[in-house]
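The values are calculated or read from the model by the stated rules, or taken from the named source; none is laboratory data. Not measured: the values here are computed from a predicted model. No Cβ is skipped: glycine too gets one built from the backbone with ideal geometry, and neighbour counts run over all protein chains shown.
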Amino acid sequence: MHLGATLRLLRTDAGLSLRDLARRIGVSSAYLSRVENGVDAPPTPERLSAIARELRVPSSLLMDVANRMSPSVAAYLEEVPGAGALFLDIAQRRLSGLQLARVRDFLDAEFPVPQGRRDAAVPPLAPLLAPERVVLQLSCAGWDDVLDVAAERLASSRPGAEVARVVDGLRRHREESSCAVGGGVAVPHAFLPGAVPTVALVTLATPLAGDTPDGKPLRVVVAVLDAERGGPQLVRLAHLARLAAHGLADRLVGLSQPAQVLSSLAELEALR
């Protein structure tokens, strides 16, 4: 998975220049540029935490995209060696996301997390989607076709939303900074004042080759209509990148019914 593409999308949507973010986290803009372009390895967990604070997104999202261990987890494993054996036991059982969610529910009931020590909950994506906004195995000639279809589905769910304005917004977002986050997934956004967050999801019959951060052809497009950049929109964007890192495209491309997509997405999000 390509963390750099996600960082660039988050940074630009947060309205920060490369120099601004670099200064805030205490690195050079040249270094941050190399990270965003995949030249340098992902930052350390401590630096990722600093980036997350500046972007105001949960650090766990960036850790997942970068496949990094949170410093707090590493410290706990060192402090309580038996925890590592428990993690191994869970891995050997191959628990699904829904099963792990049940384990967490038990832990929350028996051993609640002290107030202020858990990251803010990440709102799930599934409630923003609906069967009529899921398009499966779309045959298309290129990006314009995909964005036209996604915009029509987004606009149809919102009275007064003009398809042309949504299409224009999706295209503008893609032109500002490539909306591909790796893993065969792209996440174009459109912003309309007063819009309620809405999602349309499109899988492609034939992957689209193009400029993707990890070289993998595009197979899934998750288009989002939002009221404005920043705040909750950045959290949704980081969450989408995490889903891509967890194999969203592999889970969805073979499905034939919208209900299957919603079910698969719910399982993938069970431990958001």
**Study point:** Output for the range 240-263, where each listed residue is outside any helix (DSSP H, G or I), over 20 Å from residue 3 (Cβ atoms) and out of contact with any strand residue (DSSP E or B) (no Cβ under 7 Å at 6 or more places or on another chain)
**Key:** 254, 257
Check your understanding: Assuming residue 6 fulfils every condition listed in (1) touching a strand residue (DSSP E or B) at 6+ places or on another chain (Cβ under 9 Å); (2) surrounded by fewer than 22 Cβ atoms within 10 Å (Cβ to Cβ) apart from one, which condition is it?
Key -> (2)
Exercise for review: Can you tell me which residue within the range 215-244, out of those that are surrounded by 16 or more Cβ atoms within 10 Å (Cβ to Cβ) and basic (Lys, Arg), is farthest from residue 193 (Cα to Cα)?
Suggested key: 216
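Here's the yes/no breakdown for (1) more than 19 Å from the chain's Cα centre (by Cα); (2) more than 20 Å from residue 136 (Cβ to Cβ); (3) not in a loop (DSSP other than H, G, I, E, B):
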site	(1), (2), (3)
164	yes, yes, yes
200	no, no, yes
203	no, no, yes
213	no, yes, no
238	no, yes, yes
265	no, no, yes
Review point. Could you count how many residues in the range 50-77 are within 18 Å of residue 20 (Cβ to Cβ), within 18 Å of the chain's Cα centre (by Cα) and of a type in the set (Gly, Ala, Ser)?
Key: 1
Review point. So is residue 102 over 28 Å from residue 70 (Cα atoms) and either basic (Lys, Arg) or loosely packed, with under 12 Cβ neighbours inside 10 Å (or both) or not?
Key: no
Review point. Looking at (1) closer than 23 Å to residue 267 by Cα; (2) exposed (fewer than 11 other Cβ atoms within 10 Å of the Cβ), which is the one condition that is false for residue 69?
Key: (2)
Point to revise | Boolean, residue 94 is basic (Lys, Arg) and out of contact with any helix residue (DSSP H, G or I) (no Cβ under 6 Å at 6 or more places or on another chain) | key: yes
**Study point:** Sole exception among (1) at negative phi; (2) more than 10 Å from the chain's Cα centre (by Cα); (3) surrounded by fewer than 22 Cβ atoms within 10 Å (Cβ to Cβ) for residue 247, by number
**Key:** (1)
Practice item. Mind counting the residues in the range 78-132 that are farther than 30 Å from residue 233 by Cα and of a type in the set (A, V, I, L, M, F, W, C)? Key: 12
Practice item. Consider residue 150 carefully, then state whether it is among the hydrophobic types (A, V, I, L, M, F, W, C), part of a helix (DSSP H, G or I), touching an Asp or Glu at 6+ places or on another chain (Cβ under 7 Å) and buried (at least 22 other Cβ atoms within 10 Å of the Cβ). Key: no
Check your understanding: So which residues in the range 111-132 are assigned to a helix (DSSP H, G or I) and either touching an Asp or Glu at 6+ places or on another chain (Cβ under 8 Å) or modelled with pLDDT under 90 (or both)?
Key -> 126
**Study point:** Residue that is surrounded by the most Cβ atoms within 10 Å (Cβ to Cβ), among those in the range 153-173 that are modelled with pLDDT of 90 or more and among the basic types (Lys, Arg)
**Key:** 153
Practice item. Would you point out which residue out of 130, 121 is within 25 Å of residue 198 (Cα to Cα), exposed (fewer than 14 other Cβ atoms within 10 Å of the Cβ) and among the aliphatic types (A, V, I, L, M)? Key: 121
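Identify all residues within the range 173-195 that are of a type in the set (D, E, K, R) and closer than 13 Å to residue 143 by Cβ; write none if there are none.
Those that are of a type in the set (D, E, K, R) and closer than 13 Å to residue 143 by Cβ: 174, 175.
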